[in-house]
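Enquirer: Below is a structure I'd like to ask you about.
Computed from the coordinates by the stated procedures, all read-outs in this text should not be read as laboratory data. None of these values were measured; they are calculated from a predicted model. Every residue, glycine as well, gets a Cβ built from its backbone with ideal geometry; the counts of neighbours run over all protein chains shown.
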Amino acid sequence: MFDTVGTLIGCATKADMIQEDGSIPNCKEALFADAVGTTLGAVLGTSTVTTFVESSAGVVEGGRTGLTALTVAILFALSLFFAPLFESIPSAATSPALIIVGVMMMTPVKEIEWDDMTEAIPAFLTIIFMLVTYSIAEGIMFGILSFTLLKLFTKKSKDISAMTWVVFGLFVLKIVFGAL
């Protein structure tokens, strides 16, 4: 779930769809569509059908509707016939596209309040843990844990929302019971 939320936030940021209050329009529908895709993919025996951060590349180019996804799906279906040709392309040739996606993912970093250590340290830990664990969810977990603890220990607990406390508690339970 946190991978999907992280991807949704990243794509919404790129599409400039995040509202003043920090909410994302039609967030519930987007998460529901991802859940249905994941469930149907599992039932049909395919690899996980879910959103990926690479979607931000399409968003940057103007794709914000289902028509973009439909076009990509049709092109993927057509590419099945060209699979042997595509397999001859070395993976090093696709690396520049991944670098561009990585650069686009880093642009929101400029919005972080780097002068406030209770904001900067959790942001830094989130990024680092995403990289070393290969998991958006793990990065978010360590970011929220460090954010909550830093705010608490620096007597800025009023900056912690009720939902952050709930997620913090769930992550603590995950760590405690995951270690057993």
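Enquirer: Semi-axes of the equivalent ellipsoid for the stretch 72-146, please: Cα gyration tensor eigenvalues, times 5, square-rooted, ordered largest first, whole Å.
Expert: Working through the eigenvalues yields semi-axes of 36, 13, 12 Å.
Enquirer: With contacts defined as alpha carbon pairs under 8 Å and 6 or more residues apart, what's the relative contact order of the chain in percent?
Expert: Relative contact order of the chain: 18 percent.
Enquirer: Could you list the chymotrypsin sites (Phe, Trp or Tyr not before Pro) in the stretch 66-135 that lie in coil according to DSSP, counting only those with at most 16 other Cβ atoms within 10 Å of their Cβ?
Expert: Sites meeting the loop and neighbour criteria: Trp114, Tyr134.
Enquirer: Set Lys and Arg Cβ to +1 and Asp and Glu Cβ to -1, take the dipole of the chain about its Cα centre, and tell me which of Ser95, Leu125, Leu70 lies farthest positive.
Expert: The residue sitting farthest along the positive end of the dipole is Leu125.
Enquirer: Run the dipole for the chain about the Cα centre, Lys and Arg Cβ at +1, Asp and Glu Cβ at -1, nothing else charged, and hand back the magnitude in debye, nearest 20.
Expert: That gives a dipole near 360 debye.
Enquirer: Among Val49, Leu8, Gln19, whose Cα sits farthest toward the positive end of the charge dipole of the stretch 1-89 (+1 at Cβ of Lys/Arg, -1 at Cβ of Asp/Glu, about the Cα centre)?
Expert: Highest projection toward the positive end goes to Val49.
Enquirer: Is there a quick way to get the dipole size of the stretch 112-180? I mean about its Cα centre, with the Cβ of Lys and Arg at +1 and of Asp and Glu at -1; what is the value in debye to the nearest 20?
Expert: The dipole of the stretch 112-180 has a size of about 300 debye.
Enquirer: Taking every Cα atom in the chain, find the radius of gyration and the maximum pairwise distance Dmax, and write them in Å.
Expert: Rg then Dmax for the chain, in Å: 18.8, 61.
Enquirer: Something else about it: Kirkwood Rh over alpha-carbon pairs of the stretch 112-180, then Stokes-Einstein at 25 °C and 0.890 mPa s: what D in µm² s⁻¹, rounded to an integer?
Expert: Rounded, D is 199 µm²/s.
Enquirer: Among Ser91, Ser146, Ser135, which comes first, then next, by fewest other beta-carbon atoms within 10 Å?
Expert: By the 10 Å Cβ count, ascending: Ser91, Ser135, Ser146.
Enquirer: Using a 10 angstrom Cβ neighbour count of at most 12 plus a DSSP loop assignment to flag exposed GluC sites (Glu not before Pro), which longest range of the chain is free of such sites?
Expert: For GluC sites (Glu not before Pro) (loop position, at most 12 other Cβ atoms within 10 Å), the longest site-free span of the chain is 114-180.
Enquirer: Go ahead and estimate [θ] at 222 nm for the chain from helices alone: -39,500 (n - 2.57) per DSSP H run with n ≥ 4, summed, over the residue count, rounded to 500.
Expert: After summing the helix terms and dividing by the residues of the chain, the value is -21500 deg cm²/dmol.
Enquirer: Continuing with the same structure: As an exercise, identify the trypsin sites (Lys or Arg not before Pro) in the stretch 83-164 lying in DSSP coil whose Cβ has no more than 11 other Cβ atoms within 10 Å.
Expert: Filter output for the stretch 83-164: Lys155.
Enquirer: Here's a follow-up. Quick one: plug the Kirkwood hydrodynamic radius of the stretch 1-89 (C-alpha pairs) into Stokes-Einstein at 25 °C, 0.890 mPa s, and report D in µm²/s.
Expert: So the translational diffusion coefficient is about 168 µm²/s.
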